[in-house]
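Asker: What follows is a structure written as C-alpha cells; I'll ask about it next.
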Amino acid sequence: MLKAVILIGGPQKGTRFRPLSFEVPKPLFPVAGVPMVQHHIEACAKVPGMKEILLMGFYQPHEALSRFLVSAQHEFKIPIRYLQEYAALGTGGGIYHFRDQILSGGPEAFFVLNADVCSEFPLQEMLDFRQQHGDMHSFVILGTTANRTQALNYGCIVANADTHEVLHYVEKPSTFVSEIINCGIYLFTPTIFQHIGNVFQRNQQELVLEENSNGWHRAEVIRLEQDVFTALAGSGKLYVYKTDGFWSQIKSAGSAIYASRLYLNQYSQCHPERLAQNKPGGPIIRGNVYIHPTASIDSSAVLGPNVSIGKGVTVGAGVRVRESIVLHGASLHDHTCVLNTIVGWDSTIGRWARVEGTPSDPNPNDPYAKIDSETLFRDGQLTPSITILGCSVTIPAEVVILNSIVLPHKELSRSYKNQIIL
Amino acid sequence: MRALILVGGYGTRLRPLTLSTPKPLVEFCNKALLLHQLEALRQAGVSHVVLAVSYMSEVLEAAMREQEQRLGIRISLSHEKEPLGTAGPLALARDLLAEDGEPFFVLNSDVICEFPFTALACFHRHHGGEGSLVVTRVEEPAKYGVVVSEPETGRICRFVEKPRVFVSNKINAGLYIFSPGILRRIQLRPTSIEKEIFPAMAQEGQLYAMELQGFWMDIGQPKDFLTGMCMYLQALRAQHPERLHSGPGIVGNVLVDPSAKIGANCIIGPNVTIGAGVVVEDGVRIKRCTVLKGARIRSHSWLESCIVGWSCSVGQWVRMENVTVLGEDVIVNDELYLNGANVLPHKSIAESVPEPRIIM
C-alpha cells in the first residue's frame, strides 16, 4: 500500500501571497476553480494502492480546512486527515514527528508533496521509475529542467546521466551547479526516517554543545533539502526522475494566474467538463475558462483565455475578462474590463472601470524558463505585477486601476497606478 | 470691408492632426476652424478675406474656392516666402487691404470665441484712433502679456509682459481692426505686431481696447482645443440649444452630426463632438472628446479628453484618456489603454501606452 503527505505550511508562511492569504489559507486558494491542494489530492487518489492522504502543517484547526477535508474525502473516496505540527518543523521535521502516523498500516512507500507547486504530478511514473532504475529502497525526487540563471533560485541536482542517481544536491546555490531542479515532490520508503533520525540526533548533540541556545533552534526542525538530501547525495540511495510535464511554484499571487493557466490547459485532457463552452445564449468563451455553475454571466460578456470565475460571481453586460481569477461573490458591472487581475471575494467593480495588471509569465521564448518570484519593489519602485483586489474592495465606475494591490475592505474613489493601497 | 487672417505655417502645435489636414480645415465642433471665422466676418459685412499663409496647400486653396462660392465672398491667399511674423503679412497684403480705404480686420487663426466683429467696427469708428484690439479677461494674468487701458475710453496705456504684480487682468485676444494708416508703420520683413508695432501705437494714443463678452480660447494645442470645445458647446447651449443632441444616454452638451450612428447602452457626454459618418458601437462611454469624421469606436470602450482623428478605429474595451490624440486612420487594437498618447497618422497600435508619449 501507498500513502501521501502534502505539506501545507502555516499562517506565517506564504506572505508573498498577501493580501489573499489573509482570507483563506494559501493551500485552499482556488487555482483553475478548485483549491490549490485539491489538484495534489486528485493526483494522489488516482495512484493504485493509495490508502491515505495526510495534510501536514501548522495551521490552527480551521473551519474552511475541515470543510474542505470532508468534501475532498467524499469526492475522492479516500481517507484524508490533517496533522497539525505544534510548531513549524520544516519539510523534514513534520514528517519525522508524525512518522508513526505515516507508517501505521505498513505502507511500503509514501509520497511527500509541497502544496505550493503546480504540476502534472507524474506519481505513477515516479513509482515505475523506481522499479526500473533504483532498488526498491531508494528515494526519488521529481526534477525538471530550468535555465541556468533561474536554477539558482531552486534546489539544484547533479545526477548520473545513465543511472539518474543523485550525485550532488545543493539548495539555492550562488553559482551555477546544474539546470536540473527539485520540484518539491518526493517518493520515500520508510527507511527515510532513519536518515531524518540521524539529522535529529546530530541536531540534539549540537544543541547540547551550544550553551546559549536561544530557544529558537530546535533539534526537531529539519529541512529535507539542506539537511537530508545533501547528505544522501552520492550514497546510492537518492534518484531523480526528470519530468518534461508542466511545473511551477505558486509563491506569489501572480504565479496563481500562471498556475491556473497550466491546470486549465490540463482540463482539456482530464476534465473537459470543467471548461466552459460557447453556447447559444451564453457568454462568449475564448480559450480555457472555468465558470462555477452558480455564477451569473451576461450573454454579452467575453471571457478568456485563462479565466476562473468563482461561486456566485455576477458578470454584467459587455464585460471583458482575460487572464484573471474572479473569486466568489465578486460583481463585475457592465462594460468593465479586467485583465491580469485577481478580483477578491465579494469585491465590486463599477461600470466601465478598467482593472489591469502586468503578467509575470515566464519568458515564452525559453522552454525551460520558470516564473520569476520578483521582489515587490525594485529600486524603490513597485515592480509592475498583476493587480490584486483584496476581499470586499469597491472600485468606482469609470476609473482605471493599474498594477496595484488593494488591501481588503477598501472603497476606492479614484484611479490608481503602480501603488499598494493600504 | 476686408479682413486678414494670420494662418501662418504648418500648425505644428496641433500635430498629429495637422499632418493630414491644414490647420484651418481641421473641424472644430464639426466645422472647419477657418469657417467659424469666415462666417462671422461675412456676417459683419466683410466681402474680401485675405489668408496669410507661409506654406501653400492645394487642399486649402481648393477648399477656399468652394467657400467663396458658398459664402459669396472673395478669398485670397497671400503667400509669404519666409515667415513674416504677425505684422509682416500686413505689409505683404498692403495693396489688398488699403484698396478701399476702409478699416480692416486682422485676426489670429487659432482663436475661438463669439466673434464681436460688428461691435468692434463700431467701437473703432467711435474712438477714431488707428487701431482697436479685443481683450479678454484671464484668471492668472502673470502667465500672459497684459494690456493696461483707461477704463472710460479703452485707450491703451501700455503692455506688460508676464506681470509680477497685478496691473491688469486683460490680455490681447488676437482680434483687431485697423485704419489703413497703420500700414505705414509696417515694413516688409519679419515683424511682431504685438512687440514692435503696438507699443509705439499705444504711446501715441492710437490704440484702443474693447473687452470681449463671453468665452475665448486659443485652440492651437490639443489640450486647449478640448477646453475650447467645452466652452463653444456651452455657448451653443445658450444660443442654439436645438443644434445640440439629446435623448437617452446623452449627458450635457453633445454635438452629433446627423450622419453619425450611436449604438445602444452608450453614455455620451458631457462635452462631446461626434463628426460625420462616425460609428459609435454599443456600450461606449465618451466624455470631453472630439471624434472626427469617419471614425469608428467599437463596443464597451471608454474615452475621456481625447481627439480621435479621421477614419480611426478604436477597438473594443479600449480606454483612452488624458489628451490622447489619434492622427488620421489610426487603428487601436482591442483592450488597450492609452494615457496621453500622441499617435501619428496611419499607425496601428498593438500595445498599451500607460504613460504619455508620442507614437511615431
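Each reported figure results from applying straightforward, stated rules to the coordinates on display, with no laboratory input. Treat the numbers as computed from the prediction; the structure is a model and nothing was measured. Cβ: placed from backbone, ideal geometry, glycine included. Neighbour counts: every protein chain shown.
Asker: Using only alpha carbon pairs under 8 Å that are at least six residues apart, calculate the relative contact order of chain B and give it in whole percent.
Answerer: Computed over chain B, the figure is 13 percent.
Asker: Could you list A:ARG261, A:ARG286 in order of exposure, starting from the residue whose Cβ has the fewest other Cβ atoms within 10 Å?
Answerer: Listed from fewest to most nearby Cβ atoms, that is A:ARG286, A:ARG261.
Asker: List the longest stretch of chain B that has no exposed loop site; here a site is one of the trypsin sites (Lys or Arg not before Pro) assigned by DSSP to anything other than H, G, I, E or B, with at most 14 other Cβ within 10 Å.
Answerer: Result, exposed sites excluded: B:165-360.
Asker: Counting helices only, and only those DSSP H runs with n ≥ 4, report the 222 nm mean residue ellipticity of chain B as the sum of -39,500 (n - 2.57) divided by its residues, in deg cm²/dmol to the nearest 500.
Answerer: Roughly -5500 deg cm²/dmol at 222 nm, from the helical runs in chain B.
Asker: Let me ask something else about it. For chain A, modelled as a GNM with alpha-carbon contacts under 10 angstrom, which of A:LYS77, A:LYS242, A:LYS51 fluctuates the most?
Answerer: A:LYS77
Asker: Quick check: the distance between the Cα centres of the stretch A:72-117 and the stretch B:256-313, to the nearest angstrom?
Answerer: Using only Cα atoms, the two centres lie 61 Å from each other.
Asker: Name the trypsin sites (Lys or Arg not before Pro) in the stretch A:389-422 that are in a loop by DSSP and that have at most 10 other C-beta atoms within 10 Å, would you?
Answerer: A:ARG414
Asker: Order of B:THR118, B:THR18 from fewest to most other C-beta atoms within 10 Å?
Answerer: Ascending Cβ contact count within 10 Å gives the list B:THR118, B:THR18.
Asker: Cross-link list B:LYS23/B:LYS195; A:LYS417/B:LYS23; B:LYS23/B:LYS143; A:LYS242/A:LYS279: which exceed 32 angstrom alpha carbon to alpha carbon?
Answerer: Violating the 32 Å limit, Cα to Cα: A:LYS417/B:LYS23; A:LYS242/A:LYS279.
Asker: Oh, and also: Take the Cα atoms of the stretch B:189-337, build their convex hull, and give its volume per residue in Å³.
Answerer: Spread over its residues, the Cα hull of the stretch B:189-337 gives 138 Å³ apiece.
Asker: Which of the three applies to the stretch B:1-94, rounded, prolate or oblate, going by the alpha-carbon gyration tensor with a ≥ b ≥ c and a/c under 1.5 meaning rounded?
Answerer: Note, shape of the stretch B:1-94 comes out oblate.
Asker: State the Cα centre-to-centre distance between the stretch B:79-134 and the stretch A:157-195 in whole Å.
Answerer: Answer, in whole Å: 88.
Asker: Okay, moving on. In 10 Å bins starting at zero, report the fraction of Cα pairs in the stretch A:1-94 per bin as a rounded %.
Answerer: Calculated P(r), rounded to whole percents: 16, 50, 31, 4, 0.
Asker: Taking just the alpha carbons, could you work out the radius of gyration and Dmax for the stretch A:287-361, both in angstroms?
Answerer: 10.7, 30
Asker: So for the protein assembly as shown, taking the charge dipole from beta-carbon charges (+1 Lys/Arg, -1 Asp/Glu), which of A:ASN363, A:GLY304, B:VAL314 sits furthest toward the positive end?
Answerer: Working it through, the farthest residue towards the positive pole turns out to be B:VAL314.
Asker: Please work out the Cα convex hull volume for the stretch B:83-206 and give it in Å³ per residue.
Answerer: 116 Å³
Asker: Straight-line reach only, C-alpha to C-alpha below 15 angstrom: list the aspartates and glutamates that A:LYS3 could link to, leaving out same-chain residues fewer than 8 apart.
Answerer: A:GLU42, A:GLU52, A:ASP100, A:GLU108
Asker: Mind grabbing the base-10 log of I(q)/I(0) for the stretch B:135-248 at q = 0.12 Å⁻¹? Debye formula, identical points on the C-alpha positions, no solvent, two decimal places.
Answerer: Here log10 of I(q) over I(0) equals -0.56.
Asker: Translational D (Stokes-Einstein, µm²/s) of chain B at 25 °C and 0.890 mPa s when Rh comes from the Kirkwood sum over C-alpha pairs?
Answerer: Rounded, D is 114 µm²/s.
Asker: Projected onto the charge dipole of the stretch B:62-172 (+1 at Lys/Arg Cβ, -1 at Asp/Glu Cβ, origin at the Cα centre), which of B:ILE75, B:ALA91, B:ASN108 gives the Cα projection farthest towards the positive end?
Answerer: B:ASN108
Asker: Can I ask one more? Taking Rh as the Kirkwood radius, which is the inverse of the mean 1/r over Cα pairs, what is the Rg/Rh value for the stretch A:140-299?
Answerer: 1.14
Asker: Which links in B:LYS81/B:LYS223; B:LYS31/B:LYS293; B:LYS223/B:LYS261 stretch past 20 Å when you go from one Cα to the other?
Answerer: Over 20 Å apart, Cα to Cα: B:LYS81/B:LYS223; B:LYS223/B:LYS261.
Asker: A further question follows. Given an 8 Å cut-off on Cα distances and at least 6 residues of separation, report the relative contact order of the stretch A:298-340 as a percent.
Answerer: Value for the stretch A:298-340: 39 percent.
Asker: What are the extents of the Cα atoms of the stretch B:128-183 along their three principal axes, listed from largest to smallest and rounded to whole Å?
Answerer: 35, 22, 15
Asker: Say a site is exposed when it is one of the chymotrypsin sites (Phe, Trp or Tyr not before Pro), sits in a DSSP loop, and has at most 13 other Cβ atoms within 10 Å; what is then the longest site-free stretch of chain A?
Answerer: The answer is A:217-422.
Asker: Right, next: Over the C-alpha atoms of the protein assembly as shown, what are the Rg and the largest Cα-to-Cα span, Dmax, in Å?
Answerer: 37.1, 118
Asker: Could I ask something else about it? So which chymotrypsin sites (Phe, Trp or Tyr not before Pro) in the stretch B:130-230 end up in coil per DSSP with only 13 or fewer other C-beta atoms within 10 Å?
Answerer: B:PHE166
Asker: Follow-up. Could you list log10 I(q)/I(0) for the stretch A:205-299 at q = 0.12, 0.19 Å⁻¹, which the Debye formula gives when each Cα is one point scatterer?
Answerer: Computed log10 I(q)/I(0) values: -0.70, -1.05.
Asker: Additional query: Quick one: angle between helix A:123-132 and the longest Cα principal axis of chain A, in degrees between 0 and 90, rounded to 10, please.
Answerer: For A:123-132 against chain A, the angle is about 30 degrees.
Asker: Select from B:LEU25, B:LEU90, B:LEU34 the residue whose mean-square fluctuation is largest in a Gaussian network model of chain B (Cα-Cα springs shorter than 10 Å).
Answerer: Looking only at B:LEU25, B:LEU90, B:LEU34, the largest GNM fluctuation is found for B:LEU25.
Asker: Most exposed first by the Cβ proxy, i.e. fewest other Cβ within 10 Å, how do A:CYS337, A:CYS183 rank?
Answerer: Fewest-to-most ranking of A:CYS337, A:CYS183: A:CYS183, A:CYS337.
Asker: Now for a different question. Give me the three principal axis extents of the stretch A:67-147 from the C-alpha atoms, as integers in angstrom, largest value leading.
Answerer: The principal-axis extents, from largest down, are 38, 30, 26 Å.
Asker: Going by alpha carbons, how many degrees (0 to 90, nearest 10) lie between the helix axis of B:33-43 and the longest principal axis of chain B?
Answerer: With both axes taken from Cα atoms, the answer is about 50 degrees.
Asker: Over chain A, what relative contact order in percent results from Cα pairs under 8 Å that are six or more residues apart?
Answerer: Computed over chain A, the figure is 12 percent.
Asker: Under the rule of -39500 (n - 2.57) per DSSP H run of 4 or more residues, summed and divided by the residues of chain A, what mean residue ellipticity at 222 nm is obtained, to the nearest 500 deg cm²/dmol?
Answerer: -6000 deg cm²/dmol
Asker: Find which of B:MET56, A:ALA330, A:GLY105 sits farthest along the positive direction of the dipole of the protein assembly as shown, computed with +1 on the beta-carbon of Lys and Arg, -1 on that of Asp and Glu, about the Cα centre.
Answerer: It is B:MET56, whose Cα lies furthest towards the positive end.
Asker: Then there's this: Of all the stretches in chain A, which is the longest one without any exposed loop site, taking GluC sites (Glu not before Pro) in a DSSP loop (any state but H, G, I, E, B) with at most 14 other Cβ atoms within 10 Å?
Answerer: Longest stretch, sites excluded: A:212-422.
Asker: For a bin width of 5 Å, list the pair-distance distribution of the stretch A:138-196 built from all Cα-Cα distances, rounded to whole %.
Answerer: All Cα pairs, binned at 5 Å, distribute as 4, 19, 27, 23, 16, 8, 3, 0 percent.
Asker: When the Debye formula is applied to the Cα atoms of the stretch B:287-360, each taken as the same point scatterer, what base-10 log of I(q)/I(0) results at q = 0.12, 0.14, 0.23 Å⁻¹?
Answerer: Log-scaled intensity ratios, in q order: -0.22, -0.31, -0.94.
Asker: Right, next: Suppose every Lys and Arg Cβ carries +1 and every Asp and Glu Cβ carries -1, with no other charges. What dipole size does chain A come out with about its Cα centre, to the nearest 20 debye?
Answerer: Charge dipole of chain A: 880 debye, to the nearest 20.
Asker: How much of the pair distance distribution for chain A lies past 36 Å, counting alpha-carbon pairs only, in percent?
Answerer: Cα-Cα pairs in chain A separated by more than 36 Å: 29 percent.
Asker: With N set to the residue count of the stretch A:315-417, report its C-alpha Rg divided by 2.2 N^0.38 Å to two decimal places.
Answerer: 1.10
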